[in-house]
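Student: Right, I'll just put the structure down here and ask away after.
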Amino acid sequence: MIVVMKPSCAPAAVESVVQRILALGLTPHLSQGEFRTIIGAIGGATPEAMDQLDQLPGVDHVLRIAAPYKLASREFHEADTVIDVRGLRIGGPHVHVIAGPCTIESREMLFDVGRAVRAAGATILRGGAFKPRTSPYAFSGLGEDGLKLLQEAGEILGMATITEVMDPRDVELVTHHADILQIGARNMQNFNLLLEVGKARKPVFLKRGFSSTTTELLMSAEYVLSQGNHQVMMCERGVRGFAEDVRFTLDLSSVPLLQEKSHLPVFVDPSHATGKRDLVPPLALAAIAAGASGVMIEVHAHPERALCDGPQAVLPQRFDELMRQIREVAAVLGKDVPRGPA
Ligand code: PEP
Ligand code: MN
């Protein structure tokens, strides 16, 4: 349930509601809106508990949230969540582009791609160090060495960084080196991993499992939120369909659907959705037009030599053109595409 406080209530009233929620054996979560404070009480709402809370000073009303996800819902937090990553404002009226190679192959290639995407206007550098591969014989990333390279590139290029963490035991290590923790599609329902990144104090980028519903995605976000980490972004990256010529089927309807139900920023990854470089730019533009808070694009200067996902890597020149088009589409929606620090 949620406890909606009166607009002018005193901080002491909020505190006494929090104390009563704890006394009821529930967990309080605070949502400080521009006009009012909402306090989530998670752990089972009985009519008696609702009644008790309703009578406390400063309380406007108490509401049961019907959806199975609570902290992720718009009822709990009405305004769009805007997440601060190294001074970048992610969500709300801002559009950010995450770009970089599928996997970090070497220092030279990471910096080459990083410089190119940074010059084009991307603000967040991606690069896998721990790669989930279908084959156990495929290149699975540089591990900690890759994380160090990503951190160095982020610092030198003035970009925020994102990389995937696959194992709960690596969360601390990845948190140390990267600005955003990515949970891959294959791990969207790895609940122990979700709980672990929920305890981390870094934003989490949660990709939709390719056979998961949007409600399941929201429930996975709820796992992270439940641990006190309120900095969660969700990402549509395509679901299993029967279209033969694409890797997955990009479900763009999930963008407005998720935004209606949740305050969390929604991104789209057209690279893994399609698996084909020519399809990436048009779908990236469609994602921005559908209202996404940004897109994640794989870029490589020599895709024919890429160790992973070469066929879907966009060339730097095309990426530059795409960034210009993204700015135009975003402008139509009244959104800005901020550049990183000069
Ligand atoms: C990735 O972004 O590196 C990746 C593996 O994507 P996904 O988990 O969506 O397949
Ligand atoms: Mn990839």
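Student: Lysines near residue 6 by alpha-carbon distance under 27 Å, same-chain residues fewer than 8 away left out - which ones?
Tutor: 70, 261
Student: Moving to a separate point now. With every protein chain present, what is the per residue accessible area of the chain (1.4 Å probe, Å²)?
Tutor: Per-residue accessible area for the chain comes out at 43 Å².
Student: When the accessible area of the stretch 214-342 is split by element with a 1.4 Å probe, what percent falls to carbon and sulfur?
Tutor: Heavy-atom surface of the stretch 214-342 belonging to carbon and sulfur, 1.4 Å probe: 55 percent.
Student: Can you tell me the 0 to 90 degree angle between the C-alpha axis of helix 214-226 and the longest principal axis of the chain, rounded to 10?
Tutor: Long axis of 214-226 versus the principal axis of the chain: about 70 degrees.
Student: How much of the accessible area of the stretch 2-63, in percent, comes from carbon and sulfur atoms when a 1.4 Å probe is used?
Tutor: With neighbouring chains kept in place, the figure for the stretch 2-63 is 56 percent.
Student: Tell me, what % of the accessible area of the stretch 128-213 is carbon and sulfur with a 1.4 angstrom probe?
Tutor: After summing per-atom areas, the C and S share lands at 50 percent.
Student: Oh, and also: Relative to the Cα centre, what is the charge dipole magnitude of the chain, using +1 at the beta carbon of each Lys and Arg, -1 at the beta carbon of each Asp and Glu, and rounding to the nearest 20 debye?
Tutor: In debye, rounded to 20, the chain gives about 200.
Student: Mind pulling the per residue volume of the convex hull built on the Cα atoms of the stretch 230-334? Å³ is fine.
Tutor: About 113 Å³ per residue, rounded to a whole number.
Student: Continuing with the same structure: Rg(Cα) of the stretch 219-292 divided by 2.2 N^0.38 Å?
Tutor: Dividing the Cα radius of gyration by 2.2 N^0.38 Å gives 1.18.
Student: If you don't mind, there's one more thing I want to ask. Return the FRET efficiency for the residue pair residue 242, residue 135: r is the Cβ-Cβ distance, R0 is 41 Å, and the value is rounded to the nearest 0.05.
Tutor: Result of the calculation: an efficiency of 0.95.
Student: Output ³J(HN,Hα) for the stretch 335-340: one whole-Hz value per residue in order, computed from phi by the Karplus curve 6.51 cos²θ - 1.76 cosθ + 1.60 with θ = phi - 60°, and x for Gly and Pro.
Tutor: Coupling constants for the stretch 335-340: 9, 10, 10, x, 8, x Hz.
Student: Of the candidates 23, 185, 273, which one comes out as most mobile in a Gaussian network treatment of the chain with C-alpha springs shorter than 10 Å?
Tutor: Highest fluctuation of the listed residues: 23.
Student: Another one. Where does the longest stretch of the chain lie that holds no chymotrypsin sites (Phe, Trp or Tyr not before Pro) found in a DSSP loop with 11 or fewer other Cβ atoms within 10 Å?
Tutor: Looking at the chain, 138-241 is the longest stretch - no exposed chymotrypsin sites (Phe, Trp or Tyr not before Pro) with at most 11 other Cβ atoms within 10 Å.
Student: Would you mind computing Rg(Cα) / (2.2 N^0.38 Å) for the chain, counting N as its residues?
Tutor: 1.03
Student: A follow-up question, please. Provide, as a two-decimal number, the C-alpha radius of gyration of the stretch 1-97 over 2.2 N^0.38 Å, N being how many residues it has.
Tutor: Here the answer is 1.17, to two decimals.
Student: Can you tell me the FRET efficiency between residue 167 and residue 227 if r is taken as the Cβ-Cβ distance and R0 is 25 Å, rounded to the nearest 0.05?
Tutor: 0.90
Student: Which of the aspartates and glutamates could a cross-linker span from residue 148 if the Cα-Cα distance has to be under 13 Å and same-chain partners fewer than 8 positions apart are dropped?
Tutor: Those aspartates and glutamates meeting the cut-off are 105, 179.
Student: Still on this structure, I have one more. Loop-only GluC sites (Glu not before Pro) in the stretch 227-334, please: DSSP not H, G, I, E or B, and at most 14 other Cβ atoms within 10 Å.
Tutor: Here the sparse-neighbourhood loop sites are 244.
The values are calculated or read from the model by the stated rules, or taken from the named source; none is laboratory data. As the structure is a computational prediction, the values presented were derived from the model and not from experiment. Please note: Cβ atoms are built from the backbone with ideal geometry, for glycine as well, and neighbour counts cover all protein chains shown. Surface areas here come from the heavy atoms of the whole protein model, side chains and all, with no ligands, DNA or RNA. Shrake-Rupley method; radii C 1.70, N 1.55, O 1.52, S 1.80 Å.
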